[in-house]
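Asks: Can you read through this structure? Questions will come right after.
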Amino acid sequence: MVSHTINGVYARGYYWWKCTFSGTTGWIAESLLVGTPAVTQQPTNQNVVAGETANFAVLAGGSSPLAYQWQKNTVNLLNGGHYSGCTTNALTITAADSSDAASYRCVVTNAYGSVTSNPALLAVATNGSAPSITQHPSSQSVVNGQTAGFAVLAIGTGPLIYRWQKNTADLSDGGHCSGALTATLTIAGADSVDAASYRCVVTNVYGSVTSGPATLTLTTNAAGALTLTRIPTLSGDTTSEARAITPDGRWVAGVSGSRGFLHAVNTTNVFNVVSSDGAQATLLTGVGYRTNSGQQQLVLSGLASGWFTAWMTADGGATWGGKVQVVSGLKPTIPAANGLAGTPSNVCYSVWTDEGPGAGDNWSLNVGRLSNSPAAVVWGIKAATKPDTLQLNGVASNGRAVGWRQNGTTLVYANYVADWRGATTPAIWNSYGLDGTTAGQALAVSADGTSIFGISPKGLATGSTNYGYKAVFDATFPGAAAQLRTSPLPNFPDTAGTATLAMPLGCTPDGKYAVGMSYRSREKAVLWDTTNPDSTKWTVVDLTDVAAANGILNGFARLLRAYSIGTNAAGALVIAGTGLDTNTPANTRAFLMTVSPPIAPIAFPPVVTISNLYPAGIKCSFLSLANPGIICYLERTASLAPVSNWSTVASTPSTGGTVSLSDPNPSGQPQFYRIRIQ
């Protein structure tokens, strides 16, 4: 590096530098940045309501004097009318109206040049409303490393701007957080740093509102939290049933007494569903989302005055739009559950069946695509000539509907699929059941239409008895998809029946979990876990038993049927259905069960080792959860009668590794064994 020294003076708007480089000295003139104007603070965008005042300002440096000229859409402004300060560093626009909505900038000038600021936009809102929150975020409790989610629902003149805060400080996407500027905040891989209070500030040009706080806590229970609640009935009712839940587990639809209801999960809010033009819902079996004019809507499907009807609300049931109703048909019927599938766009799909009550009246299925504003439906219709009958039981988010068609002569049911393809006959095809034929009834379908759950016979050895199944397909749509595999859903050892052993009635959007009913001398609500690629390792859980084991039956004597299942933002399964309360006589009541997170890490079924037949003992080995507070029990009983007397043989804490439980002295009589984890 060359040895040098620098000395400078300021004169006539320049720095004059006296520089010496390796013994050579000279003066160099340099224009000062403070000589030429420079904007040091730019004007910012403004949002005002018509009639309010807007202000724009700049800060600039440079040699004095500085001259300012504000421009609107690049045209110089003059003082007068709404404008003042046009030749100063601060522009004021009083009583702003729609004509003032424009781009504003400032040109700063002195003897050495000029500089133009960045443009700033003025938005002027008219005839609107400030935001208000219709559903506040709910507190979450998750296991360390799991995903937590918070959501807020707001109404007001759009666009609505969302900003999530943690302990009142603004959040940005990054690290564990995503969705900080949306209505839903997701916290992935939650740890102790994320345990805090969260809230959302919602803003538009008319004002802002802050949600109530929601707390994120961490639990060390690796099996997660298990809750069971009774959904409140509408005023004056004593009975209710939950028939459908949104994919994110936030909203439940069903029937209370003889009226349809909408329930906000994690609240006591239950809304009677009546459209703005007076259509009272008498039964609701479908609920989903669509986005209309930038706002998320809930869409519900069911019956009103005996006709298929759809209802829409953008504020969580506080207000309802006009109905979409089909006033035609002989005897309209709807699926028992999950009769509507939403999408992120303004489209959703729904189904209904017209039963022909007369001897010569044909039955027909209807697959509909609801879209646009005001909402309208395009129906695809397929009739079955008497004596055949048919029924639709569920629909996917691409318009694939599933159900059955019964041969009126042989009385055999066939799995039936109807793919929507516009205002024409749907693409009709048959899927196969467990016996390799089309015999069976398709009951539920995943959001993408590639997983179908239903019931079918197994084959000659089991006669006409129906077993639960899951069938997986490729992505072909519309039309017959390639059926990749079909597997039976697991049953309990005491599941029995001559007609139907179990019925899957609903599934998660990804098709990994299903809910329904297993007949264990009486109907019992159950959950199937089909996440394992090996179907022999699928599991089934009796929801009544698991609630009783955890002491949370909460006024239920028995859970009858689980109709619908979603997955909330924390990754928990949220199950909706109906059960019997403890009154005499018992009333049917809608229930909501949350399992957070699912007990997926347990490797079932256990590996069973029998040494030298029964005298030498029996040993069961399996992968346990990494939590010593969870105890694993080996139990046995001599009978699977409805009231079994299970005896504990051995127990051990969970270790996170493989544990073994043994019965060193088996009885000489036939015994049943089970593993219980609590």
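The values are calculated or read from the model by the stated rules, or taken from the named source; none is laboratory data. These figures come from a predicted structure and were not determined experimentally. No Cβ is skipped: glycine too gets one built from the backbone with ideal geometry, and neighbour counts run over all protein chains shown. Calculation scope for accessible area: heavy atoms of the full protein, side chains included, ligands and nucleic acids excluded. Shrake-Rupley method; radii C 1.70, N 1.55, O 1.52, S 1.80 Å.
Asks: Hey, any idea what the orientation-averaged projected area of the convex hull of the chain's Cα atoms comes to, in nm²?
Replies: The Cα convex hull of the chain, projected and averaged over all directions, gives 44.9 nm².
Asks: Follow-up question, since we're still on this one. Report, to the nearest whole %, how much of the accessible area of region 293-407 belongs to carbon and sulfur atoms, 1.4 Å probe, protein only.
Replies: Taking all protein chains in place, region 293-407 shows 51 percent carbon and sulfur surface.
Asks: So how much accessible area does Met517 have, in Å² to the nearest 10, using a 1.4 Å probe?
Replies: Accessible area, nearest 10 Å²: 10 Å².
Asks: Shifting gears a bit: Using a ≥ b ≥ c from the Cα gyration tensor of region 28-162 (square roots of the eigenvalues), is it rounded, prolate or oblate, where a/c under 1.5 gives rounded and otherwise the larger of a/b and b/c decides, a/b for prolate?
Replies: Oblate is the answer for region 28-162, as a/c is 1.5 or above yet b/c matches or exceeds a/b.
Asks: Excluding same-chain residues fewer than 8 positions from Lys512, which lysines have a Cα within less than 17 Å of its Cα?
Replies: Those lysines meeting the cut-off are Lys470, Lys537.
Asks: Let me ask something additional. Principal axes first, then extents: for the Cα atoms of region 487-526, list largest minus smallest coordinate on each axis, whole Å, largest first.
Replies: That gives 31, 19, 16 Å along the principal axes, largest extent first.
Asks: For region 416-478 and region 228-290, what is the separation of their Cα centres, given in Å?
Replies: Cα centroid of region 416-478 versus Cα centroid of region 228-290: 29 Å apart.
Asks: Which value, in debye to the nearest 20, describes the size of the charge dipole of the chain about its Cα centre when Lys and Arg Cβ atoms bear +1, Asp and Glu Cβ atoms bear -1, and nothing else is charged?
Replies: 340
Asks: Continuing with the same structure: Return the ratio Rg/(2.2 N^0.38 Å) for region 111-168, where Rg is computed over Cα atoms only.
Replies: Rg over 2.2 N^0.38 Å, computed on Cα atoms: 1.99.
Asks: Sticking with this structure for a sec: Does region 480-574 come out rounded, prolate or oblate, given a ≥ b ≥ c as the square roots of the eigenvalues of its C-alpha gyration tensor, rounded meaning a/c under 1.5 and, failing that, prolate meaning a/b above b/c?
Replies: Note, shape of region 480-574 comes out oblate.
Asks: Counting only heavy atoms of protein chains, what accessible area per residue, in Å², does the chain have with a probe of 1.4 Å?
Replies: Dividing the accessible area of the chain by its residue count gives 43 Å².
Asks: Using the crude model of +1 on Lys and Arg Cβ and -1 on Asp and Glu Cβ, and no other charge, please compute the dipole size for region 133-254 relative to its Cα centre, in debye to 20.
Replies: Dipole magnitude for region 133-254 comes out near 140 debye.
Asks: Can you return the aspartates and glutamates within cross-link range of Lys323? Criterion is Cα-Cα under 19 Å, with same-chain partners fewer than 8 residues away left out.
Replies: Filter leaves Asp277, Asp315.
Asks: For Ser172 and Ala475 in the same chain, what is the full-extension length gain: residue separation times 0.36 nm, less their Cα-Cα distance, in nm?
Replies: Roughly 105.4 nm would be gained on extension.
Asks: Rounded to the nearest 0.05, what FRET efficiency do Glu355 and Ala650 have when you use their Cβ-Cβ distance and R0 = 51 Å?
Replies: About 0.35, to the nearest 0.05.
Asks: Taking the alpha-carbon distance from Lys386 and a cut-off under 20 Å, which lysines remain once sequence neighbours fewer than 8 residues away in the same chain are dropped?
Replies: The qualifying lysines are Lys331.
Asks: Among Thr182, Val252, Gly436, whose Cα projects farthest towards the positive end of the dipole of the chain, with charges put on the beta-carbon of Lys, Arg (+1) and Asp, Glu (-1)?
Replies: Gly436
Asks: To continue, here is another question. By average Cβ neighbour count within 10 Å, what is the ranking of 453-459, 586-592 from highest down?
Replies: Averaged packing, sorted descending, gives the order 453-459, 586-592.
Asks: Among Pro213, Ser84, Leu543, flag the residue with its Cα farthest along the positive direction of the charge dipole of the chain, charges on Cβ as +1 for Lys/Arg and -1 for Asp/Glu.
Replies: Projecting each Cα onto the dipole axis, the largest value belongs to Leu543.
Asks: What is the distance, in nm, between label points placed 7 Å from the Cα along the Cα-to-Cβ direction at Val326 and at Thr239?
Replies: 2.7
Asks: Distance between Cα centroids, region 507-531 to region 114-177: provide it in whole Å.
Replies: 37
Asks: Next question, about the same structure. Would you work out which of Gly454, Thr476, Ala496 lies farthest towards the positive end of the dipole of region 448-523? Charges go on Cβ: Lys and Arg +1, Asp and Glu -1.
Replies: Checking the options against the dipole of region 448-523, the answer is Ala496.
Asks: Also, quick follow-up: Taking only DSSP H segments of four or more residues, each worth -39500 (n - 2.57), what value at 222 nm results for the chain once the sum is divided by all its residues, to the nearest 500 deg cm²/dmol?
Replies: -500 deg cm²/dmol
Asks: Expected output is a single nm value to one decimal: the length gained when fully extending between Val378 and Thr409, i.e. 0.36 nm times separation in residues minus the C-alpha distance. What is it?
Replies: So the extension gain works out to 7.9 nm.
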